[in-house]
Every structure is written in C-alpha cells, then in structure tokens.
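See structure below.
The values are calculated or read from the model by the stated rules, or taken from the named source; none is laboratory data. Values in this document were obtained by computation on a predicted structure and should not be read as measured data. Quick reminder, even Gly has a Cβ in these numbers, built from the backbone with ideal geometry, and neighbours come from all protein chains shown. Protein only, heavy atoms only, side chains kept; ligands, DNA and RNA dropped before computing areas. Shrake-Rupley method; radii C 1.70, N 1.55, O 1.52, S 1.80 Å.
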Amino acid sequence: MREHVLILRILNAKKRLMSFIETTGSFAMQRATSFAQMISFAAAVFYRLFMLGTYNSATRTVLVNQIYFTSIQILPAFLAVSVLFGSVLIGIVFQLLKNLGLTDLFGNVLMGLIVTELSPLFTVLLITLRSGAAINTEMAAMKVNQEIKTLETFRIDVINYLLAPRVVNGIISVVLLSFLFSIVLMGSGILFSRVIFGISADVYVNILLNSTNFSDIVIALVKCAVFGFFITFIPIYFGLRATHELTSIPIVVSRGMVSVFAAILIIEVLSLLTKLM
Amino acid sequence: MTFFDTEEKLSRAVQKFLRVNPRNAAPVCEDIPLLSNQEAWLNIALIKQYHENMSAQASRKLVFNWLKRLGLESVADKRNLALGDKERFLVKLLRSAMVQNAAILINRPFNMVPQLKNIDPILQALKTIDDLYSSCHIYDYDWMEQKYGALCR
Amino acid sequence: MSREYKVGIFVICAAALVLLALLFLAVEKGLFSTSHTYTLSSRTGDGFAVGMPVVFSGFDIGRVHSLELDDRGIVLIKIRIPDKHVKWIKEDSFFVLYRPLIGAARIVVNTNNLESPPMPEKKVAEVFVVNDINDAIEKIQPLLETIERLSRRIDGMAAKADEQVFGKEGTLPQINKILKDVAGKLEKLETTVDNLNKISKDASEGTQDLGALRADIDEVTQTLNKVSRDINALLYKKKDTEIKLP
C-alpha cells in the first residue's frame, strides 16, 4: 500500500515537473516569437523610411506636428534644464578631476564621456518620458476607438501615415536636441575650465579638438538616430497591440514603456561595446 | 437604397460593397469614426493630402469651401467629441466624398443621427455635394423603411 | 508665426549647426587634406596600435595608419601626417613611443632643428620606447640595491658594536668599574665637606669670642690655611687618606 502511494507521488511530481518545463518553454517561445515579430516589423518600418512613396502631404503634416510637439514645445524647458544640469555636472566633474590630479584628461572626459555618452542618454530619457509615453497612449486610444480601422477603410497605410512621420520625428528630435545639449555642455565647459583650471577659451577649444575623435562623434550621432527610431517605434508598436477595450490601454502603455527602457539600455551597452572594440 | 431584414445580411452586403469597390469605396458608418486627435477639416483633407498629395494649404481651402456650402464652417476647427451628431455625420459624408470617384455607402444613417425624422436632410446634403462623388448607396434595416418616405415607393 | 514656420526654423538652424560643427571638426582633423605617410621601425610591436596619435609639442599632428612586420622581423609603423603638419617632421626628427602610466600611448615627434631639411618619405626612422612603468622600475632598481647593501652593512656594524660595548673587554663593564670608583670617591668627599662645615662653625664660634681668642686668631687662621691646603693637595692626589682637622 505504501509503495503504491510512493509511486503515485513520484508520478505526480514528474507530471508537475513536465508541466513546469512546458510552461517555461511555451513562455520562452512566446517571448521569442513576439520579439522576432517586433524586429521584423521594425525592419519593415526602417525600409519604408527610405521609400519616396512613403512621404506625401499628409505624412508631412503629421511630421511637422510631431516635431512641433516633441522639439519646439519642449525647447525652452530643455535648454533651461541643459544649462542648469549641464553646468552643475561640468563643474562637479572638473573639480573632481582637479582634486584627483587628472587635469590632463579633462578633454577626454568631456568629449568621450559627457558629450558622446551622457548627453544622448539624457536627451533620450527626456523625450521618452514626454513623447514616448504620449505616443504610446495616443496609439492605444486610436486602436480602442477603431480609428485604425478608419485609416484601413480609406486605404491609408498605417506604417506610412502613423509610424513613418513619428519615427522620423524621433530620429530628428533626438539627434538635434542631443546636439544642442552637447553645445550647452561645452559652453559651460569654457566657463568652468577658466574658473577651475584657469584655462583660456582658445586653449580649451584646442584641448577639446585634440581629444575629439571624429569616429566617436559619428558613433554618437548614429546612436542618437537609433535611439530616436526605437523610442518612437516601440511605443507605437505596443500601442497598436491594444484591443478594443479601454482597460487594455494601461497594459500596453506600461509594456511599451518598459520595453523602451530596455531598448535604451541595450543600445547604450552596444554603443559602449562598439567604442571598446 | 437597400434594406435588409437581419444584421448579418446587412453586414455581408457592406463587406461585399467594400470588395467590389476596392479603390473608391467610401463608407459613412458609425464604426468608422473621425480621427479624434485631428480637427474636422483635417479629417476631411487627409484623403486628398494622402491619396493626391494635395498641399495642406490647397486642401484646407478646398475643405473650407465645401464646409461652407454645407453651412458647417464653424465646425472646421472642432474635434470629433465637440461635434453634434448631425455635424459629425456631415463631416464623415464630406470625408467620404473626398475619395476620387467616390462610391459612397451610408450605413444606417439614422443610427448616426437618431434625432432625424426622415432622410430629407441627408438627401439635401448629398445633393449639395453631388459633383464630388460618382455613386451613393444607403443601406438600412427594412423596419426603417418608413423614414425614407416617398423614396421607397 | 505658424507651426510650420517654427518647425522649419528649428530644423534648419539645428541641422546647420550640426553640419557646421562636423565640417569644422573634419577640417581641423585634416579629413579633407592630403597627407604624407612616413615609415618608422621598431624591434617590437608592443605598445603600438592603429589609430594611435602622433604628437608634436603636445598637439596631435597625425595618426598611426598601419603596422606591418617585415622579413627581418622588424615592425614597420606607417604614420600618416596631414600636409599642414608635415613641416614639423625634419630629417633630424626622432620618434619616441611614450606610454604614460595614465592616459593613452602616443608617438612623440622631437625635432631639434626646425631649419633642417624635411624628412624624406623613404627614410625609415627608429622609434625609441619610453615607458613610464618600466622607467619607474628602472629608476627604483639601483636605489633598492643601495638600500639592501646599506642594510647589510648596518647589520654588520650593529654586531661589532654589540661586541665592543657589551663584550667582556667591552666599553660598558669598564665604564661600570669607573663609575663604582667615582661613587666611592664621592662618598669620601662628602665626609670631607661635613668636616669643613664643622670647621667653619668652629671658626664662627671663635670669631664671636674676639676678645678672648684674639691672640689665637692668627694661629687658627694659619692652621685653617694649612688644613685647606692639605685638603686641596689631598683632593688633587685623589688619595684615600682621611682628612684630619687640626
């Protein structure tokens, strides 16, 4: 009798183990499939960005509106934050370098770390928080309201009309705002290098030029463009996965934003790896 | 004007209509809403801008002209939720009429404008914009026939 | 101002700024200028890398373009110098691979005479290696050896000193003996001083009785003089004789 119970228990445990493995496998497959779908969709959108037929008066109108909302509206606040945050940051970094006796390296730190790494990251986080979240919700609301069906009924391509202008806006905005942030940082650098190191503007510019790698700047610009692509593409992609129920909006928005954050980290790590190689 | 006795038949007929007119079908339905993040005039202009690459200024001028003809200039800059039922219907109708050689299909008009007593105001609007479309079809349930009055007989 | 206008101004201005900055950087970095290639040689490729900066007076004037190994196993380093910086490289220039403790390695160009003729591109100059870590170790090595030698000598000296000071014939036992001797002598001196006090007391008593002892003063004085002379003599002779007062 006891043996019988033992055998039953073993069988039960085996069944549970199998079920656990099956669930894990199915979860992994589901995730892999959805990731592959997202990447293939991203490739389709990327390809479409280079097709002339994608752009028409309607997409241009959307593009202008998107740039206005993402870059122009944010510009005064962005510049104010840049000046404030950038000056404090540059001041602290320069003082730290002076204390550590690494004054020689300030050009490398400014160009290699702050201008090419920190300013794109700061800009992309700011735009994601403001516009990425807005785009995600907007798309989810459009899906719930059946407005996507409207576009399809009137033979308006969703990629051309919704994705392309927003993604192009993402690329343009991140590249330009990040560049402006770098300019502000380098401007405050002139002031702080004079105060902390007693360096004149001419010498400062020369040191910056010496420590600037053309390839680093190109990598930083490409990184900004990739950031811009994904911080607009991912929110749209997840927003369009909403169902017709209102309750699906918060779900897709939170998923979208978490994915955007993961994408930002992955791109940052990849760019650092590119630099290391 | 075509009447159906069941929802299923009507739905099938709408699908068939869309299949038969793949390039110029222009439905006016309750479940094909206006884009809520754009003003009324942009919803109408979108068709011309997207399919004919008409510039924003030219399309705005065109749309305002047609809205004026329908007595709707005041709603041009309003968004979907700010529109009344009749205004929303007319904006949808004008949007459909913007399709080249439009084959307009009005699906259950009294569902969209419940306060209408008869079809006359809709026919009036269709007449005002009749040089914009090539054909117009109205689908409804057969128990709504009385609202169509003399047209059915 | 319309939305389109604002967007247009922003995009045009910002894009122009980006392009101008890139152009400025490209021109400054000599991307559009033609360049000269010089070949340097080294016995080892250790520390060299493609893209490494070539520096003159602290300023970047070029880059390492490629590294090759020739048939004799010598590393050939091809450096590319833009035309505007070629003037710094002369026939008598010498090249040093500088590897600082902190910061990137670089090839430093040293030109003593800027008037000398330009270096021909075919000339293969050797690169000297200055390595901060190795240099530091090299500089410290003789110092360490000296310290070791010194410590060995100090050890020997300490052992000798031990024997001389603490040994049987050493300084310390002899000093002890002398000290004991001195202590004995001091004890005796103490007794003498006591006696002297006594004498001075007697003397004062004697002076008090001036009337009665007037006749004896001379004699006492003489006696005292004699006693003091004797004491002095005794002290100088350091004899263990007892001092007896008259």
With n ≥ 4 as the cut-off for DSSP H runs, can you work out [θ] at 222 nm for chain B, using -39500 (n - 2.57) per run divided by the number of residues, rounded to the nearest 500? -13500 deg cm²/dmol
Averaged across the residues of A:65-75, what count of C-beta atoms belonging to other chains lies within 10 Å of each residue's C-beta? 3
For the protein assembly as shown, with only Lys/Arg (+1) and Asp/Glu (-1) charged at the beta-carbon, what is the dipole magnitude about the Cα centre, in debye rounded to 20? 2400 debye
In square angstrom to the nearest 100, the accessible surface buried at the C/A interface, both sides summed with a 1.4 Å probe, amounts to 2200 Å²
If amide H atoms are built 1.01 Å from N in the plane of the peptide, which residues on other chains or at least 5 residues away come under 5 Å of the amide H of residue C:36? C:81, C:83
Taking placed amide H atoms and a strict 5 Å upper bound, the residues 5 or more places from residue C:128 or on another chain that come that close are C:95, C:96, C:97
Highest GNM mean-square fluctuation among C:55, C:130, C:193, for chain C with Cα springs under 10 Å, belongs to C:193
Between A:273, A:4, C:26, whose Cα lies farthest towards the positive end of the dipole of the protein assembly as shown when Lys and Arg beta carbons carry +1 and Asp and Glu beta carbons carry -1, centred on the Cα centre? A:4
Tell me, what HN-Hα J-couplings in whole Hz come from the Karplus equation 6.51 cos²θ - 1.76 cosθ + 1.60 at θ = phi - 60° for each residue of the stretch A:35-42, using x for Gly and Pro? 5, 4, 4, 5, 5, 5, 5, 4
Percent of accessible area on the stretch A:11-119 owned by carbon and sulfur, 1.4 Å probe? 72 percent
Using DSSP, restrict attention to beta bridges with both residues in the protein assembly as shown and report what percent are antiparallel, rounded to the nearest 5. 50 percent
What residues does the stretch A:131-149 have that are buried by at least 30 Å² of accessible area in the full protein assembly compared to the chain on its own, 1.4 angstrom probe? A:146, A:147, A:149
Placing each pseudo-label 7 Å from Cα in the direction of the beta carbon, residue C:50 and residue C:197 end up separated by a distance in nanometres of 10.4 nm
Set the Förster radius R0 to 35 Å, insert the Cβ-Cβ distance between residue C:41 and residue C:143 as r into 1/(1 + (r/R0)^6), and round the FRET efficiency to 0.05. 0.55
Label point distance in nm, residue B:53-residue C:124, each placed 7 Å from Cα along Cα→Cβ: 6.1 nm
Within the stretch C:1-75, which trypsin sites (Lys or Arg not before Pro) sit in a loop by DSSP and count at most 16 neighbouring Cβ atoms inside 10 Å? C:43, C:72
Enter the angle in degrees (range 0 to 90, nearest 10) between the Cα long axis of helix A:201-211 and the first principal axis of the Cα atoms of chain A, meaning the one along which they spread out most. 40 degrees
Quick one: what are the phi-derived ³J(HN,Hα) couplings along the stretch A:86-99, Karplus 6.51/-1.76/1.60 with θ = phi - 60°, whole Hz, x for glycine and proline? x, 5, 4, 4, 4, x, 5, 4, 5, 5, 4, 4, 5, 5
Per residue of the stretch B:25-32, in order, report the coupling 6.51 cos²θ - 1.76 cosθ + 1.60 (Karplus, θ = phi - 60°) as ³J(HN,Hα) in whole Hz, putting x for Gly and Pro. 4, 9, x, 10, 10, 5, 8, 10
Report the residue, chosen from B:123, B:93, B:34, that carries the largest GNM mean-square fluctuation when chain B is represented by alpha-carbon nodes joined by springs under 10 Å. B:123
Which one, B:125, B:36, B:112, is farthest towards the positive end of the dipole of the stretch B:2-152 when Lys and Arg carry +1 and Asp and Glu -1 on their Cβ? B:36
Taking a ≥ b ≥ c as the square roots of the eigenvalues of the Cα gyration tensor of chain A, is the shape rounded (a/c under 1.5), prolate (a/b larger than b/c) or oblate? oblate
Residue with peak Gaussian network fluctuation, chain C [Cα springs, cutoff 10 Å], from C:152, C:99, C:229: C:229
Quick check for you: with a 1.4 Å probe and neighbouring chains kept, what is the accessible area per residue of the protein assembly as shown, in Å²? 58 Å²
Just counting partner chain Cβ atoms within 10 Å, what average do the residues of peptide A:9-20 show around their Cβ? 0
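Please report, to one decimal in angstroms, the Kirkwood hydrodynamic radius of the stretch C:33-135 built from all distinct Cα-Cα pairs.
Details: mean 1/r = 0.0728 Å⁻¹.
The answer is 13.7 Å.
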How compact is the protein assembly as shown by the rule of thumb for globular proteins, expressed as Cα Rg over 2.2 N^0.38 Å? 1.91
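For the stretch B:2-152, which whole percent of the accessible surface, found with a 1.4 angstrom probe, sits on carbon and sulfur atoms? Display every interim value, and only then the final one.
Working: 3480 of 7400 Å².
It is 47 percent, rounded to a whole number.
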Quick check on chain A: helices-only [θ] at 222 nm, where DSSP H runs of length 4 and up contribute -39,500 (n - 2.57) each and the sum goes over total residues. Nearest 500, please. -26000 deg cm²/dmol
Using modelled backbone amide H atoms (1.01 Å from N, in-plane), which distant-in-sequence or interchain residues come within less than 5 Å of residue B:137's amide H? B:104, B:105, B:106
Compute the distance in nm between two label points, each set 7 Å from the Cα along the Cα-to-Cβ direction, one at residue A:31 and one at residue C:159. 7.2 nm
Could you compute how much accessible area chains B and A hide from each other, both sides summed, with a 1.4 Å probe? Nearest 100 Å² is fine. 2000 Å²
Computing the accessible area with a 1.4 Å probe over protein heavy atoms, can you report the carbon and sulfur percentage for chain C? 58 percent
Which of the lysines could a cross-linker bridge to residue B:127, judged by Cα under 22 Å and excluding same-chain residues fewer than eight apart? B:48, B:61, B:68, B:86, B:92, B:117, B:147
